[in-house]
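K.L.:
The structure follows.
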Amino acid sequence: MKKTIRMILSLLMITCSVFVFKGSAYAKTSNPPDIYDLIMLQKINAFRAENGLDALELNDDLLDVADVRLYELPVNFDHTRPNGDSYKTVYTDLGLDTKYERGSENIAKILDDWDFSNDSGEEYVEYIFEAYVNSESHRENMLKPYWEYYGGAFLTNYNGNCYQIQVFAK
């Protein structure tokens with residue numbers, strides 16, 4: 001790497017988080033994806049294609065789930081929400097609990113400032129993506145063959161930390 005950056009990447013994931021949802025994946029959001037979300041989805045889909053899997057579809061409902069969870073991560077960096085409930089309760093809170101059969105999330109936190117002034121987003125996304133790929137449980141989660149939909153979000157340079165979440169559903 002061209003620059004020396006002191007970073008610690010903390011990753012957590014619930015490998016087989018399965019919950020019962022039913023119905024279609026019609027989406028309705030006012031939270032459009034940003035460039036980081038789109039780059040991450042491209043990387044995930046390329047990785048899935050290399051492994052003989054179908055591409056994931058960007059899903060507005062899951063962007064909403066990711067957005068809610070993203071702003072909870074600085075308060076409680078865990079798959080448990082700040083109120084002590086499972087992350088899965090976000091679906092109920094958003095009225096989505098009958099739309100999907102199952103879902104899971106990957107979360108990442110980078111401790112230290114990232115120099116966004118010299119980064120188009122690709123270097124930042126690549127760093128997080130490679131950390132997920134190099135983590136067995138996160139890699140397995142990205143490569144589950146039954147996932148159909150994806151939502152993600154980035155919270156950059158929040159109190160010196162950066163957060164990223166990947167949300168998968170069927």
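K.L.:
If each of residue 77 and residue 122 carries a label point 7 Å out from its Cα toward its Cβ, how far apart are those two points in nm?
P.N.:
2.8 nm
K.L.:
Can you tally the net charge around residue 145? Count Lys and Arg as +1, Asp and Glu as -1, for every other residue whose Cβ sits under 14 Å from the Cβ of residue 145.
P.N.:
Working: positive: 48, 102, 139, 144, 170; negative: 50, 54, 101, 140, 148.
Value of the local net charge: 0.
K.L.:
Moving on. Can you tally the net charge around residue 133? Count Lys and Arg as +1, Asp and Glu as -1, for every other residue whose Cβ sits under 15 Å from the Cβ of residue 133.
P.N.:
-1
K.L.:
Here is a further query. How far apart, in nm, are two points set 7 Å out from the Cα along the Cα-to-Cβ line at residue 86 and at residue 159?
P.N.:
2.8 nm
K.L.:
Okay, next question. Which percent of the accessible area of the stretch 40-100 is formed by carbon and sulfur heavy atoms (probe 1.4 angstrom)?
P.N.:
Numbers: 1180 of 2730 Å².
Carbon and sulfur together cover 43 percent of it.
The values are calculated or read from the model by the stated rules, or taken from the named source; none is laboratory data. These figures come from a predicted structure and were not determined experimentally. Cβ: placed from backbone, ideal geometry, glycine included. Neighbour counts: every protein chain shown. With ligands, DNA and RNA removed, areas are computed over all heavy atoms of the protein, side chains included. Shrake-Rupley method; radii C 1.70, N 1.55, O 1.52, S 1.80 Å.
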